[in-house]
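Asks: I'd like to ask you about the structure that follows.
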Amino acid sequence: MTQQALFIIFGGTGDLAYRKLYPSLFRLYEKGYLKDDFAVIGTARRPWTNDHYHEVVMNAIADDGHESDRTNSEIARKFASHFYYQSHNVNDTEHYVALRKLADKLDEKYKLNGNRIYYLAMAPRFFGTIAGHLKSEKLITDHGYNRLIIEKPFGRDFETAKELNDDISAAFSEDQIYRIDHYLGKEAIQSIAALRFGNQVIESLWNKEHIDNIQITLAESLGVEERAGYYETAGALRDMVQNHILQIVSLLTMQKPSEYTAKELRDRKVEALQNIKVYSAKEASKNFVRGQYGEDAEHEQLDYRHEEGTDEHSQIETFVAGKLETTNGNLTGVPIYIRTGKRLARKSTQINVVFKDTTDNIFTATGEQDTKLEQNVLTLYVEPDQGYQLDLNVKNGSQGYGIMPIHLEYHKTSAEKAKVPEAYEKLIHDALDGNRTNFAHWHEVAQAWRIVDVVRQNWDSQKTDFPNYVSGTMGPKAAQELLTRDHRDWVFGATKH
Ligand SMILES: NC(=O)c1ccc[n+]([C@@H]2O[C@H](COP(=O)([O-])OP(=O)(O)OC[C@H]3O[C@@H](n4cnc5c(N)ncnc54)[C@H](OP(=O)(O)O)[C@@H]3O)[C@@H](O)[C@H]2O)c1
């Protein structure tokens, strides 16, 4: 089904628009999901012409594509001709009047039925101003749909997130707001529900009787790169845990939705987050560990405090590990260990579900050396690898009865991965469809802040000795101790994973 819509992109000259939005819209166009009846207005302060804007859009497509002639192709030119640039300062009320006139004109020209998608690809401090003006200056149509897509970060804590939400809610209702968490657009994250509820063998084991612990790791090998300005105000807890990791936690711990609809899924996710224990300051100290990377002399990499744009005394964490407790249904009491960090040994996002030890190892009686039973582990590889691994114990092929671990693996090939729509493409497609399944509801965002705020406040109240881990390792010692004290170990980091 093709879609008629006018996109108004605030921040049309920015990095996100260039790297993600224009290429994603192009892919939807190439696939025929967008046809002749769509238009895009790009806005920002820079005084660009339409011709220059078309060039930028075509360059963005070329930079994203694999085909050398993509930028000059007829289809790229035709696509770019749907783009209009309007110089616009979001603080200037007059500019919204000009924007409305252009929007109305394009609505008529392309027969868009008043359908509008406002994409706020700008710093969140502008969200309230833009939403308020869209309403007061009557850009919001009274026919067709009006949808607001907003980017992270959604606030700095619960209070600021609530203020932001109140501001945008004055102009848009919850069902018109699409809060992007691009992890929710990733194929492997969307596959969690299929794995859990599409396989009797998994579903029947997904409970505290069989699962020992769940581990979620979002490991990056790169340092802060060009993002120091933002990172100094955010840190790993706000940048990765409050949003991506807690979204993954909710998908792993939620109860089974009665049907796979946006409402059911989001209700179950909210419930799952509400069932994650909000720690006291003392509990947060015990269950959360922070780190900041030191230098890697061998590879001539600087420590965080000497990267360009960082504070030489920075207390910002580039690493977080934590233990969460859930009281959600069948998983009550199963610990969830989370971990994310920069400059770690290897880039990998993976989820490891560790099953309980076999209660009664009957093979010890055979007297063979290799009769020790490893725990069964189900691993979901999210990126860069996409796939699954199940660790089992089988007979080792000897004359006697030794046991050895094997790994059943499925990994998507490069060709298969290339066919999977990119997260932003999927999410924009969903927004056009009015499907909010893979966007965060305010109640999810709010509860996630409540969970991390305690940790943040606890850390902000005490200075710590940074740096405390060497680049190229798996983080500070304390992250290991978090599991060692529970007589457990991280799965990722062992050679087989
Ligand atoms: N880049 C990413 O990969 C990424 C990933 C996840 C989330 N995000 C989020 O997406 C948002 C945008 O990020 P970005 O990286 O694209 O930022 P960016 O490159 O700094 O772009 C900011 C945009 O805002 C415009 N702008 C600034 N002040 C303005 C004003 N007063 N009136 C009108 N336009 C104004 C800028 O254009 P002019 O200077 O021409 O006005 C520019 O187009 C942020 O919330 C960010 O956290 C970005």
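The values are calculated or read from the model by the stated rules, or taken from the named source; none is laboratory data. Owing to the predicted nature of the structure, the values given are computational and were not obtained by experimental measurement. Virtual Cβ from ideal backbone geometry, glycine too; neighbours counted across all protein chains shown. SASA here: full protein model, heavy atoms, side chains in, ligands and nucleic acids out. Shrake-Rupley method; radii C 1.70, N 1.55, O 1.52, S 1.80 Å.
Asks: Pairs, please: C-beta under 6 Å, at least 6 apart or cross-chain, first residue under 18 Å from PHE439 (Cβ atoms) and in the stretch 253-266, second part of a helix (DSSP H, G or I) and open to solvent by 40 Å² or more (accessible area, probe 1.4 Å)?
Replies: Short answer, once both residue conditions are applied: MET254/ARG268; PRO257/ARG268.
Asks: Additional query: In this structure, does LYS20 turn out to be modelled with pLDDT of 95 or more and not aliphatic (A, V, I, L, M)?
Replies: So LYS20 fits the description; yes.
Asks: Return yes or no: is ALA131 within 27 Å of the chain's Cα centre (by Cα), within 28 Å of LEU164 (Cα to Cα) and within 13 Å of the ligand (Cβ to nearest atom)?
Replies: no
Asks: Right, next: Among the residues of the stretch 74-85, is there at least one that is away from the ligand (no atom under 16 Å from the Cβ), farther than 15 Å from ILE41 by Cα and of a type in the set (A, V, I, L, M, F, W, C)?
Replies: Yes - at least one qualifying residue is present in the stretch 74-85.
Asks: Something else about it: ALA193: of a type in the set (A, V, I, L, M), over 14 Å from LEU427 (Cα atoms), over 21 Å from the mean Cα position of the chain (by Cα) and open to solvent by less than 40 Å² (accessible area, probe 1.4 Å), yes or no?
Replies: no
Asks: Which condition breaks for LYS152 when tested against (1) at pLDDT below 95; (2) within 21 Å of HIS95 (Cα to Cα)?
Replies: (2)
Asks: While we're looking at this one, here's another question. Collect the residues in the stretch 469-497 that are of a type in the set (Lys, Arg) and either buried (at least 19 other Cβ atoms within 10 Å of the Cβ) or part of a helix (DSSP H, G or I) (or both), keeping them in residue-number order.
Replies: LYS477 - this is the single residue of the stretch 469-497 that is of a type in the set (Lys, Arg) and either buried (at least 19 other Cβ atoms within 10 Å of the Cβ) or part of a helix (DSSP H, G or I) (or both).
Asks: Quick one: what pairs do we get from the stretch 440-459, first residue within 13 Å of ALA281 (Cβ to Cβ), second outside any helix (DSSP H, G or I) and not charged (D, E, K, R), C-beta under 6 Å, 6+ apart or different chains?
Replies: VAL454/TYR279; VAL455/PHE288
Asks: Just give me the residues in the stretch 144-168 being farther than 14 Å from ALA121 by Cβ and of a type in the set (D, E, K, R), in sequence order.
Replies: ARG147, ARG156, ASP157, GLU159, LYS162, GLU163, ASP166, ASP167
Asks: A further question on this structure: Hey, could you check the stretch 436-468 for residues that are open to solvent by less than 10 Å² (accessible area, probe 1.4 Å) and aromatic (Phe, Trp, Tyr) and say which is farthest from the chain's Cα centre (by Cα)?
Replies: TRP449
Asks: Please work out which residue is farthest from the ligand (Cβ to nearest atom), limiting yourself to the stretch 174-183 and to residues that are within 17 Å of LYS426 (Cα to Cα) and assigned to a helix (DSSP H, G or I).
Replies: Once the filter is applied, the top-ranked residue is TYR183.
Asks: Tell me whether the stretch 113-123 contains one or more residues that are more than 15 Å from the ligand (Cβ to nearest atom) and either open to solvent by 30 Å² or more (accessible area, probe 1.4 Å) or more than 23 Å from ALA171 (Cβ to Cβ) (or both).
Replies: Yes, there is a match, as at least one residue in the stretch 113-123 is more than 15 Å from the ligand (Cβ to nearest atom) and either open to solvent by 30 Å² or more (accessible area, probe 1.4 Å) or more than 23 Å from ALA171 (Cβ to Cβ) (or both).
Asks: Inside the stretch 86-112, can you point out the residues that are within 10 Å of the ligand (Cβ to nearest atom) and under 25 Å from ASP430 (Cα atoms)?
Replies: Residues satisfying the conditions do not exist here.
Asks: Follow-up. Quick check on GLN389: is it outside the structural domain of LYS20 (by TED's automatic domain parsing), not aliphatic (A, V, I, L, M) and not in a strand (DSSP E or B)?
Replies: So GLN389 fails the test.
Asks: Something else now. Of PHE126, PHE158, which residue is within 14 Å of the ligand (Cβ to nearest atom) and open to solvent by 20 Å² or more (accessible area, probe 1.4 Å)?
Replies: PHE126
Asks: Residues in the stretch 4-55 that are in a strand (DSSP E or B), more than 6 Å from the ligand (Cβ to nearest atom) and buried (at least 19 other Cβ atoms within 10 Å of the Cβ): how many?
Replies: 14
Here's the yes/no breakdown for (1) hydroxyl-bearing (Ser, Thr, Tyr); (2) surrounded by fewer than 21 Cβ atoms within 10 Å (Cβ to Cβ):
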position	(1), (2)
ILE276	no, no
VAL289	no, no
TYR304	yes, no
GLN315	no, yes
THR327	yes, yes
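Asks: Follow-up question, since we're still on this one. Determine whether GLY402 is farther than 30 Å from LEU273 by Cβ and either within 24 Å of the chain's Cα centre (by Cα) or surrounded by 16 or more Cβ atoms within 10 Å (Cβ to Cβ) (or both).
Replies: Against the criterion (farther than 30 Å from LEU273 by Cβ and either within 24 Å of the chain's Cα centre (by Cα) or surrounded by 16 or more Cβ atoms within 10 Å (Cβ to Cβ) (or both)), GLY402 qualifies.
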